[in-house]
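Asker: Right, I'll just put the structure down here and ask away after.
The values are calculated or read from the model by the stated rules, or taken from the named source; none is laboratory data. These numbers were taken from a predicted model, which means no experiment stands behind them. For neighbour counting, all protein chains shown are included, and Cβ atoms are generated from backbone atoms with ideal geometry for every residue, glycine included.
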Amino acid sequence: MNEIYMGTILLEVNRWARPEKTPSYRVSEWIGRFEEAGFDGMELWQYHASKCGSEELSRLEASTLPIPIFNPYAPMTEDGREERRACDVLARRLGASAIKFNIGNDPVRRDEYLRMVREWRAELPAEIRLLCECHPGTLAEDPEEAWRFFEDLGVDGWDILVHPFSRLDSLQAYLDRFGPRVVHAHLQMRPGHGDFFAFRDRVDVAKEAIGVMQQAGFAGSYTLEFAVGTGAEGESAETLYAAALEDLAYLRDLLA
């Protein structure tokens with residue numbers, strides 16, 4: 001069975017606050033509920049570790065629920081070097097086996113992005129993989145552009161993250177091009193990048209996307225990244241979690 005992770009950003013009402021990114025809740029206070037729901041681990045938002053205080057960080061370090069993926073937003077530029085290194089320290093401390101990253105969107109800085117990924121890869125232990133989020137608005141948005149980027153990178157130790165529900169139009173192309181390098185997926189039901197929907201409310205998209213993944217032999221993991229109600233007026237961690245649990249139940253049915 002594919003592992004399913006709880007994305008801690010899903011419950012975060014300050015997820016897009018700039019520039020402070022101050023966490024609105026302590027992840028440690030939810031770990032028991034995540035375990036009870038049957039999540040296999042957490043994908044931890046950077047700021048839930050970097051801006052939480054020493055006591056909370058110690059609780060996260062002692063978590064009985066694994067943190068296989070650390071999710072930072074440090075830019076892949078020279079001026080992001082120190083932030084990336086700080087994230088490396090946190091990822092190692094928390095026992096993550098993968099660090100998610102994004103490349104930028106400026107073609108003029110492509111060589112800089114390549115240099116920074118090579119440098120970062122060289123500084124990390126081999127057991128921590130770099131997980132590229134092929135995100136809209138970056139140079140990895142198009143499967144062929146992403147392929148050329150990694151061909152030019154010239155080093156190993158990286159994998160690919162896709163968005164089956166919100167990027168269904170390019171999903172097959174990523175799977176065809178990268179094959180077993182596609183090891184993780186972010187799930188948010190946001191066709192057209194408008195409103196968020198419950199998975200059950202877009203059965204056509206959900207069934208087709210998971211079917212494509214299964215047909216390709218995808219054996220990787222999924223993170224529930226966002227849920228219906230994200231960014232809506234009056235959103236709260238409790239209402240978002242209730243929506244996430246409904247999505248989790250539906251996803252399990254699809255994967256069964």
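Asker: Would you pick out the residues in the stretch 143-194 that are closer than 24 Å to Ile210 by Cβ, part of a loop (DSSP other than H, G, I, E, B) and not hydrophobic (A, V, I, L, M, F, W, C)?
Answerer: Correct list: His163, Pro164, Ser166, Arg167, Gln188, Arg190, Gly194.
Asker: Which of the residues belonging to the stretch 199-241 are among the small types (Gly, Ala, Ser) and either crowded, with 17+ Cβ neighbours inside 10 Å or touching a Ser or Thr at 6+ places or on another chain (Cβ under 8 Å) (or both)? Break it down stepwise before answering.
Answerer: Start the filter on the stretch 199-241 by keeping residues that are among the small types (Gly, Ala, Ser), which leaves 206, 209, 211, 216-217, 219-221, 227, 229, 231-232, 234, 236-237.
Across the stretch 199-241, the qualifying residues are Ala206, Ala209, Gly220, Ser221, Ala227, Gly229, Ala237.
Asker: When you scan the stretch 204-256, how many residues do you find that are closer than 15 Å to Glu12 by Cβ, out of contact with any helix residue (DSSP H, G or I) (no Cβ under 7 Å at 6 or more places or on another chain) and either of a type in the set (Asp, Glu) or part of a helix (DSSP H, G or I) (or both)?
Answerer: Summing the residues that are closer than 15 Å to Glu12 by Cβ, out of contact with any helix residue (DSSP H, G or I) (no Cβ under 7 Å at 6 or more places or on another chain) and either of a type in the set (Asp, Glu) or part of a helix (DSSP H, G or I) (or both) in the stretch 204-256 gives 4.
Asker: Now, a different point. With the checklist (1) touching a residue at least 24 places away in the same chain (Cβ under 8 Å); (2) farther than 28 Å from Gly192 by Cβ in hand, flag the one item Glu144 doesn't pass.
Answerer: (2)
Asker: A further question on this structure: As an exercise: evaluate Ala49 against (1) surrounded by 15 or more Cβ atoms within 10 Å (Cβ to Cβ); (2) touching a strand residue (DSSP E or B) at 6+ places or on another chain (Cβ under 9 Å); (3) farther than 18 Å from Asp88 by Cα and give the number of the one condition it does not meet.
Answerer: For Ala49, the exception is condition (3).
Asker: Next up: Being at pLDDT 95 or above, more than 16 Å from Val117 (Cβ to Cβ) and small (Gly, Ala, Ser): is that true of Gly53 here?
Answerer: no
Asker: I'd like the full set of residues that are farther than 21 Å from Ser221 by Cα and either basic (Lys, Arg) or loosely packed, with under 15 Cβ neighbours inside 10 Å (or both), limited to the stretch 87-97.
Answerer: Going residue by residue through the stretch 87-97, those that are farther than 21 Å from Ser221 by Cα are 87-90, 93.
Within the stretch 87-97, Val89, Arg93 qualify.
Asker: Further question on the same structure: Output the number of the condition that Lys100 fails; it satisfies all remaining conditions of (1) in a loop (DSSP other than H, G, I, E, B); (2) in contact with a His (Cβ under 9 Å, 6 or more places away or on another chain); (3) buried (at least 18 other Cβ atoms within 10 Å of the Cβ).
Answerer: Condition not satisfied by Lys100: (1).
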